[in-house]
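Inspection log for the structure reproduced underneath, given as structure tokens.
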Amino acid sequence: MLNLALQFLSFRTSFAQNVPLDLVLLTDAQGKEKGAVCLDGSNPGFYITKGSGSGANKWVLYFKGGGWCYTEERCAQRAKTDLGSSTKFAKTFAFSGIMDSQASVNPTFANYNRVVMYYCDGASFSGNADAISNTTGLPLHFRGKRVLNAMLDTLMTTAHGLADATDVLLSGGSAGGLSTFLHADHGHSRLLQG
């Protein structure tokens, strides 16, 4: 029992030293003007930390989980949270494991460019509807595929450098794990176009 407690304490200590990723919100030109918006119509965003040393041109793109909303009523509720509105996003986001900044916790990817693709469309970046739904009294935008494309376009600019990547790992957890399967081929083709 003492070993388990010490291991847990060690994990908590190392997590506390993990450097959080910084929020980048897309501009209107990168998001809204392309129809790439969260459920509530706000511009989407992602969390990023730049790579260094041997990881300067290597990337981990991690699709964040968060489940789906299956009815417009549930999506309207979701649109009032960080799962449906970038207005609720925190300025930084800390995540351990494959996204940890410490080599002791994440020996392979700690110095890579690490991005958390924070989806806010309620359906793992899969919607692409032109119409805005308003059956609940709250305008809802189901445009996750456009959000994904806008994020990839933004990451591939010289400001971020994904277009110069030599290695890219696409990963995710829960509904984000599903995103990995849904969008692996699309992401690959977009990176090749870059």
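The values are calculated or read from the model by the stated rules, or taken from the named source; none is laboratory data. Since we're looking at a predicted model, the values are computed, not measured. Ideal geometry is used to build each Cβ from the backbone, glycine not excepted, and the neighbour counts take in all protein chains shown. Side chains are part of the model used for accessible areas, which takes the heavy atoms of the whole protein and leaves out ligands, DNA and RNA. Shrake-Rupley method; radii C 1.70, N 1.55, O 1.52, S 1.80 Å.
Structural remarks
- Matching residues in the range 26-41 - criterion: being in contact with a Lys or Arg (Cβ under 7 Å, 6 or more places away or on another chain) and not charged (D, E, K, R): 35, 36, 37, 39
- The residues in the range 133-175 that are surrounded by fewer than 20 Cβ atoms within 10 Å (Cβ to Cβ), over 14 Å from residue 186 (Cβ atoms), β-branched (Val, Ile, Thr) and in contact (Cβ under 8 Å) with a residue 12 or more places away in the chain can be counted, and the count is 3.
- Per-region count, the range 176-194, residues more than 16 Å from residue 126 (Cα to Cα), open to solvent by less than 90 Å² (accessible area, probe 1.4 Å) and of a type outside the set (S, T, N, Q): 2
- In the set (1) in contact (Cβ under 8 Å) with a residue 60 or more places away in the chain; (2) in a loop (DSSP other than H, G, I, E, B), residue 115 fails one condition alone, (2).
- Some residue of the range 68-85 being hydrophobic (A, V, I, L, M, F, W, C), assigned to a helix (DSSP H, G or I) and more than 17 Å from the chain's Cα centre (by Cα): yes
- Residue ID - nearest to residue 113 (Cα to Cα), chosen from residues in the range 28-67 that are assigned to a loop (DSSP other than H, G, I, E, B) and open to solvent by 70 Å² or more (accessible area, probe 1.4 Å): 50
- All positions within the range 86-107 that are open to solvent by less than 40 Å² (accessible area, probe 1.4 Å), farther than 15 Å from residue 45 by Cβ and either without any contact (Cβ under 8 Å) to a residue 60 or more places away in the chain or part of a loop (DSSP other than H, G, I, E, B) (or both): 96, 97, 100, 101, 102, 106
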